[in-house]
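Trainee: The structure under discussion is supplied below as structure tokens; questions concerning it will follow.
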Amino acid sequence: MVLSDPIPEDIHKAASTITATGNIPAGNMRFKAGESITLLPGFTVAAQALFSASIEACSDNNLTGTYTIVPLSKLNASPTKTSITSNQIDLQIIPNPVTYQATIEYNLPNSSKVVLSISNIQGRPIKQLFKDHYQDAGRHDFMFSAKDFAKGVYLISLQSEVGIETQKLIVLK
């Protein structure tokens, strides 16, 4: 599916993750995802528009995996290309919630440079664990220490050539 800018009024659903950029000038827009919703820089909602996003089970659709909603104007793509892509990174944090240390596990479907970062719940970057680190395809583990983090909810994001996957991390002290 290719969305034009502005993003059309609708309920957009994903079993796992929605990542969006674009403009909602009017009407009602709702995002529903099973695990996470990421609004990237450039995502705007006009004052007269209504927008809501929720994390909830989306078993009433036939979508699986992670989907990215990007307006056609942001893609520089022909109408035959798709803006919804399957993401196969499979990011996991074990254990979660974490008290002292956790393992961040992920799968790269192909070799890629990756960026692993932590943001607060509002999406503001706190720390980059590594940037432009080249890794081969396959399963990878990263040991995360929570000792420098206050009790709270954070977002762990892994960006690669495949896409971005974000998971919620809960730190308990």
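Trainee: How big is the gap, in Å, between the Cα center of region 33-55 and the Cα center of region 129-143?
Mentor: 29
Trainee: So, one more: For residue 133 and residue 148, calculate 0.36 nm times their separation in residues minus their Cα-Cα distance, and state this gained length in nm to one decimal.
Mentor: Answer, rounded to one decimal: 3.1 nm.
Only the coordinates and a few stated rules stand behind these numbers; no lab work does. If you're wondering where the values come from, they're calculated on a predicted model, not measured in any experiment.
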